[in-house]
Amino acid sequence: MRLFAHVPFGVSLLAIWGLLTLIGVIVEQGKDPSFYAGAYAPPIARLIVRLDLDNIYHSAAYLGVIGLILCSMAAATFTKVIPRRIPRLNPVKIDAIPLHATVHVSGDAESARERIAAFFAARGWQVRKREFGGTEWTFADKNNWARRGVLVAHIGFVLIAAGTTIYWAKGYSGQFAVLSGQTATIPENGTTVDLKRFAYRIDPVQTKAGTVYQPIDYVSDATITGRDGVAHNAIIRVNQPYDADGTLIYQATYGFAIDFRLTKDGRPVPGPDHPLKEGEGFAIDGTSRAIQYQRFVGTIDRSTGQPGADPRPNDPGIVIQAFDGDRPVGGALIPLGQPVDLGAGYKLDAARYVLYSGFQYRYDPGIPVVGIGAFVLLAGLCISFYFLPARLFVLVRDAAGGGAEVGLAATTVRGYEVFEERFAEIIEAVRRTEPVAPENEVTTTPVLGGV
């Protein structure tokens, strides 16, 4: 218990968790071993695969560190935070507390003690009495329940961590693109998305800097088949995801796939067997050359032969890049439907474009737990910041010259200055409510500019 409640131990666990998370950010997750063999040096690739760094968020080490962090938080909360926020009822040295005062009242100590207890109880203070070594103390607490605000906030942190862990353990996310008229499948749950039609809208907006073409809306008309095998019509647009068996499918992006035709000496030769998206390419059979489709150009400025500002396909073209092995050898802007000579008898024709829709999907069973945790955390913070728990230590003794001497001291969870004015009001109220004889003296100890 002492080890887990030790602050440096908890900080070291957080450092390890941060390091593992950083590895998960740097190393792409969920790829085949061949991907890492091609992307990293052989020793690093073997290290990634053998230590399960390619699936680190679901690994036993990652989940184990989170479990240890939760244990450390629990130990620190119950051994350090709660005892400090909710102290035991113990006697104190009144004069040693910065916020203190002494009031002389009439009557004996026993009657004065009862009047003081009734005074605080009538004003909503929780009054408790304890006897220590034959001396009776009175403790008055205000908003004592608010001392548990930090504990409530800690519970919120635990719930958020638990919800996040549920996602790492059972959730998944990813992205895919579907050409119009084609079907894609989410591998984790088998849901199929058949994109029937994709539409978008771009409106030119006049600004001081010129005309800006801003996408206003883009929407996919699709048929989605879930685990029940029943096809459902779905309209998916930005900020309006479709829920397929708990997996949310978001409209993320769109683009133009190009259907390439390759010929040599006027005869068709093997080329790409499907429309290529931006960034994809193909090798030319029998050569060391390759062609990459880089981006779509909606409008070609015929006066300059350069891409125009309007992204809508008025006079479209594409930008390609040629490679000889890994070495770039040149690029070109090709109008659609106009073959370009690649040399050695080869010609490349960007025959037509096909709109495709880019989707993101996410299944997160921990969202309800995270939502509850966020609410609990917010409630704990509100309790901690907007309510001020205060405790008054009251010691009533018989005074040497007659009457009773009431010593009061106050503590709060946020220091003494925040309670200074309120403490002065309490002392003044105690003095006013007690009918004091003329010869009796009322004294207060000046503290913090105070009472």
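Does residue 196 satisfy the criteria of being charged (D, E, K, R), at pLDDT below 85 and out of contact with any Cys (no Cβ under 9 Å at 6 or more places or on another chain)?
Working: charged (D, E, K, R): yes; at pLDDT below 85: no; out of contact with any Cys (no Cβ under 9 Å at 6 or more places or on another chain): yes.
No; evaluated as a whole, the condition is false for this residue.
Cβ-Cβ under 7 Å, sequence separation 6+ or interchain: first residue in region 135-158 and of a type in the set (Asp, Glu), partner surrounded by fewer than 18 Cβ atoms within 10 Å (Cβ to Cβ). Which pairs?
From region 135-158, the pairs are 136/129; 141/126.
Which ones in region 299-324 are assigned to a loop (DSSP other than H, G, I, E, B) and either of a type outside the set (Gly, Ala, Ser) or touching a strand residue (DSSP E or B) at 6+ places or on another chain (Cβ under 8 Å) (or both)? Before you say what the answer is, go through the steps one by one.
Applying the first criterion (assigned to a loop (DSSP other than H, G, I, E, B)) to region 299-324 yields 302-305, 308-314, 316.
Those that are assigned to a loop (DSSP other than H, G, I, E, B) and either of a type outside the set (Gly, Ala, Ser) or touching a strand residue (DSSP E or B) at 6+ places or on another chain (Cβ under 8 Å) (or both): 302, 304, 305, 308, 309, 310, 311, 312, 313, 314, 316.
So how many residues does region 274-293 have that are assigned to a strand (DSSP E or B) and either surrounded by fewer than 16 Cβ atoms within 10 Å (Cβ to Cβ) or small (Gly, Ala, Ser) (or both)?
Kept after step one, since they are assigned to a strand (DSSP E or B), are these residues of region 274-293: 276, 281-283, 289-293.
From the residues that got through so far, the ones that are either surrounded by fewer than 16 Cβ atoms within 10 Å (Cβ to Cβ) or small (Gly, Ala, Ser) (or both) too are 281, 283, 290.
Matching residues across region 274-293 total 3.
For region 71-111, give me the residue count where each residue is closer than 16 Å to residue 131 by Cα, in a helix (DSSP H, G or I) and either of a type in the set (Gly, Ala, Ser) or under 44 Å from the mean Cα position of the chain (by Cα) (or both).
Number of matching residues: 1.
Of all residues in region 325-339, which are within 30 Å of residue 214 (Cα to Cα) and in a strand (DSSP E or B)? Give the derivation first.
In the first step, residues of region 325-339 are kept if they are within 30 Å of residue 214 (Cα to Cα); the result is 331-338.
Those that are within 30 Å of residue 214 (Cα to Cα) and in a strand (DSSP E or B): 331, 332, 333, 334, 335.
For region 404-451, name all the residues that are small (Gly, Ala, Ser) and modelled with pLDDT of 85 or more.
Within region 404-451, the first condition is being small (Gly, Ala, Ser), and the residues that meet it are 404, 407, 409-410, 415, 424, 429, 437, 449-450.
Of everything in region 404-451, those that are small (Gly, Ala, Ser) and modelled with pLDDT of 85 or more turn out to be 404, 407, 409, 410, 415, 424, 429.
I need the full set of residues from region 22-38 which are without any contact (Cβ under 8 Å) to a residue 24 or more places away in the chain and assigned to a helix (DSSP H, G or I), in order please.
Initial filter on region 22-38 (without any contact (Cβ under 8 Å) to a residue 24 or more places away in the chain): 22, 25-26, 31-38.
Result: 22, 25, 26, 33, 34, 35, 36, 37, 38.
For region 360-367, does any single residue satisfy the condition of being more than 30 Å from residue 199 (Cα to Cα) and of a type outside the set (A, V, I, L, M)? Lay out the reasoning, then the answer.
Kept after step one, since they are more than 30 Å from residue 199 (Cα to Cα), are these residues of region 360-367: 365-367.
Add one more test, that the residue is of a type outside the set (A, V, I, L, M), and what stays is 365-366.
Checked region 360-367: at least one residue is more than 30 Å from residue 199 (Cα to Cα) and of a type outside the set (A, V, I, L, M).
Among the residues that make up region 98-115, is at least one of them more than 29 Å from residue 432 (Cα to Cα), small (Gly, Ala, Ser) and at pLDDT 90 or above? First the steps, then the outcome.
First, pick out the residues of region 98-115 that are more than 29 Å from residue 432 (Cα to Cα): none.
No: zero hits.
Which residue is farthest from the chain's Cα centre (by Cα), if the candidates are limited to region 130-155 and must be under 15 Å from residue 407 (Cβ atoms) and of a type outside the set (A, V, I, L, M)?
We begin by selecting, within region 130-155, every residue under 15 Å from residue 407 (Cβ atoms); these are 132, 135-140.
In the following step, the residues that additionally are of a type outside the set (A, V, I, L, M) were identified as 132, 135-139.
Details: 132: 50, 135: 53, 136: 51, 137: 48, 138: 46, 139: 42 Å.
Going through the qualifying residues, I end up with 135.
For the structure I just gave you, tell me whether residue 150 is outside any helix (DSSP H, G or I) and either of a type outside the set (Lys, Arg) or in the same structural domain as residue 408 (by TED's automatic domain parsing) (or both). Give the derivation first.
Working: outside any helix (DSSP H, G or I): no; either of a type outside the set (Lys, Arg) or in the same structural domain as residue 408 (by TED's automatic domain parsing) (or both): yes.
In short, no.
Do you know which residues across region 118-147 are in a strand (DSSP E or B) and touching a strand residue (DSSP E or B) at 6+ places or on another chain (Cβ under 7 Å)? Break it down stepwise before answering.
Taking region 118-147 and keeping what is in a strand (DSSP E or B), we get 126-132, 135-142.
Scanning region 118-147 gives 126, 127, 128, 129, 130, 136, 137, 138, 139, 140, 141, 142.
Within region 334-360, track down each residue that is buried (at least 16 other Cβ atoms within 10 Å of the Cβ), under 45 Å from the mean Cα position of the chain (by Cα) and farther than 18 Å from residue 274 by Cα.
334, 359
Go through region 158-181 and count every residue that is buried (at least 16 other Cβ atoms within 10 Å of the Cβ), among the polar types (S, T, N, Q) and more than 23 Å from residue 69 (Cα to Cα).
1
Answer yes or no: is there a residue in region 61-69 that is in the same structural domain as residue 411 (by TED's automatic domain parsing) and in a helix (DSSP H, G or I). Lay out the reasoning, then the answer.
Within region 61-69, the subset in the same structural domain as residue 411 (by TED's automatic domain parsing) is none.
Checked against the condition, which is being in the same structural domain as residue 411 (by TED's automatic domain parsing) and in a helix (DSSP H, G or I), region 61-69 yields no hits at all.
The values are calculated or read from the model by the stated rules, or taken from the named source; none is laboratory data. Computed from a predicted structure; not experimentally measured. A quick note on method: Cβ atoms are made from the backbone with ideal geometry, for glycine too, and the neighbour counts reach across all protein chains shown.
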